[in-house]
1. Please list M285, M156 from largest to smallest accessible area, probe radius 1.4 Å, with all protein chains kept in place.
2. If you take the charge dipole of the chain about its Cα centre, with +1 on Lys and Arg Cβ and -1 on Asp and Glu Cβ, which of Y121, A151, L60 is farthest toward its positive end?
3. Cβ under 9 Å from A200's Cβ, A200 left aside: what net charge do those residues give with Lys, Arg +1 and Asp, Glu -1?
4. For region 87-162, give the percent of accessible area contributed by carbon and sulfur heavy atoms, probe 1.4 Å, rounded to a whole number.
5. Please find, in a Gaussian network model of the chain (springs between Cα atoms separated by less than 10 Å), the residue of A125, A302, A115 whose mean-square fluctuation is greatest.
6. Taking only C-alpha pairs under 8 Å that are 6+ residues apart, what is the relative contact order of region 172-264 in percent?
7. Can you give the Rg and Dmax of region 1-67 based on its C-alpha atoms, in angstrom?
8. Could you work out Rg/(2.2 N^0.38 Å) for region 99-253, with Rg from alpha carbons only?
Amino acid sequence: MINLAIIGTSWITKQFIEAAEETESFKLTRVYSRTEEKAQAFVDGLSILDGSNVKISTDLEKFFASEDFDTVYIASPNALHFKQAQLAIENGKNVIVEKPSTSIIREYTILDTLAHEKGVYFFEAARHIHEPIFKKIQAYVDDNREQLSGATLSYMKYSSKMDSFLAGKNPNIFNPKFSGGALYDLGVYAVYDAIVLFGAPNKVDYEPEILSSGIDGSGSLTLKYDKFDVNIIVGKTKNSYMPSEIYFGKKTLLMDSAGDITRLTEASADKKLSEIPTTKSDNPMDSEAVEFARIMNENDTATYDKLRSYARKVNRVLEQARTSAGLVFEADKEK
């Protein structure tokens, strides 16, 4: 297995470690946190493995100089991704960074170029596009591409940090300093859907609901293609139960979400609904962990280059969307 280190001690990091260990893709050897107490508490909570074999670091430079891992999974706040990934790559580490990998496209280009120069892998972790259920969607779209006439993609969930924000606090996810907001969180899933299924759009327009912090709490994103539009609805200030849809003239493919997809339904020309059989792992990050490990072990440059292309296009669309709406991150001001 590939030796793995992690930055970030949130629920998503725990879920990735569980996926990595369960699929025997990666073996956790080291954890970085600003405090030893927080890191130790995280390791102690990993019932799936023997925490006594996991080392802890609180100094980032010493962490990356460690020789007991060759790949790092980064799940820190968005604004910290660039510098942490850059330091990792400079130390010869492969990088898996949670989406979005960077705050601005210039940062993504720097990391992608640096990874190529250093001969290491740089993955953006958009886990849902690796799942079998998404592969079913890709196959359906490919089989019916001549009739493709647009899509509406929806992903809105009331954030666990929203009550704190309403109480006057400023959590990272709603803070421009940390490159937060609805678009750069849940919106990334829907933009990945569009890029992987339909390619890069010709025009991007984002109309957000701006919160008092200056960040988008929700919004409507329109991607314009030659023959159709894709409308994306994202939000972290409310819950939506509206399905996502891909249109093929008289037929429609329905998904229960644009991100955490668990069910597919086809609506035929006569409006008859038919469930499409699918499989779904208990841990949605299983497929991603297996695929990243496979690409590295097999040196599958063709698949890796395809993922790089997706990530580059997604990060460009995100920046175009922000620019169209006048949303500014701290990263925009840095030279």
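The values are calculated or read from the model by the stated rules, or taken from the named source; none is laboratory data. What you see is a predicted model; the values in this text were computed from it and never measured. A quick note on method: Cβ atoms are made from the backbone with ideal geometry, for glycine too, and the neighbour counts reach across all protein chains shown. To get the accessible areas, we keep the full protein, side chains included, count just its heavy atoms, and leave off ligands, DNA and RNA. Shrake-Rupley method; radii C 1.70, N 1.55, O 1.52, S 1.80 Å.
1. In descending accessible area the options line up as M156, M285.
2. Of Y121, A151, L60, it is A151.
3. +2
4. Carbon-and-sulfur percentage of accessible area, whole number: 48.
5. Between A125, A302, A115, it is A302 that shows the largest mean-square fluctuation.
6. Relative contact order for region 172-264 comes out at 24 percent.
7. Using the Cα atoms of region 1-67, the pair Rg, Dmax is 11.0, 30 Å.
8. The reported ratio for this selection is 1.14.
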